Amino acid sequence: MIKVKGAGDIQTSCGRGAHGGTARTRAQVVAELAYLEHEKDRLERELGVWTGNQKRAENRLQSAHQRIALLQGILEVEQPSAKRRPPSTKEEAPDSSQEAETSWREIPLEY
């Protein structure tokens, strides 16, 4: 039994050889040759699309690996010098000296 995964896997009557093993007349040979050339062209286009998609996916995967390595490197550099504060339960009022140093473009952010 042949498993059909998609519409591309379904064979038509021409593809299954329902007309017998070999073509009997010149017209049948010409028709089968035209069909096979059309099918060859379709399969070459499909292969080109798959190859393009594969290359695009490989490039995106390589980019993701590079970004992961970069971010892990940043974490390794920051980890020894990072000092973590315990989470506070109440909001702290900002110092007036701290407000004077903060310009309008800066936003203080606590983690």
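The values are calculated or read from the model by the stated rules, or taken from the named source; none is laboratory data. All values reported here derive from a predicted model rather than from experimental measurement. Quick reminder, even Gly has a Cβ in these numbers, built from the backbone with ideal geometry, and neighbours come from all protein chains shown.
Looking at residue 93, is it assigned to a helix (DSSP H, G or I) and either modelled with pLDDT under 70 or surrounded by 10 or more Cβ atoms within 10 Å (Cβ to Cβ) (or both)?
Numbers: assigned to a helix (DSSP H, G or I): no; either modelled with pLDDT under 70 or surrounded by 10 or more Cβ atoms within 10 Å (Cβ to Cβ) (or both): yes.
In short, no.
So residue 56 passes all but one of these: (1) modelled with pLDDT of 95 or more; (2) outside any helix (DSSP H, G or I); (3) among the basic types (Lys, Arg). Which condition number does it fail?
Among (1) modelled with pLDDT of 95 or more; (2) outside any helix (DSSP H, G or I); (3) among the basic types (Lys, Arg), the lone unmet condition for residue 56 is (2).
Might you check whether a residue that is surrounded by 10 or more Cβ atoms within 10 Å (Cβ to Cβ), out of contact with any strand residue (DSSP E or B) (no Cβ under 9 Å at 6 or more places or on another chain) and modelled with pLDDT of 80 or more occurs anywhere in segment 3-12?
So far as segment 3-12 goes, no, none of its residues is surrounded by 10 or more Cβ atoms within 10 Å (Cβ to Cβ), out of contact with any strand residue (DSSP E or B) (no Cβ under 9 Å at 6 or more places or on another chain) and modelled with pLDDT of 80 or more.
Pairs under 9 Å by beta carbon, first residue surrounded by 10 or more Cβ atoms within 10 Å (Cβ to Cβ) in segment 44-68, partner part of a helix (DSSP H, G or I), six or more apart or different chains?
Note: pairs meeting the criteria are 46/8.
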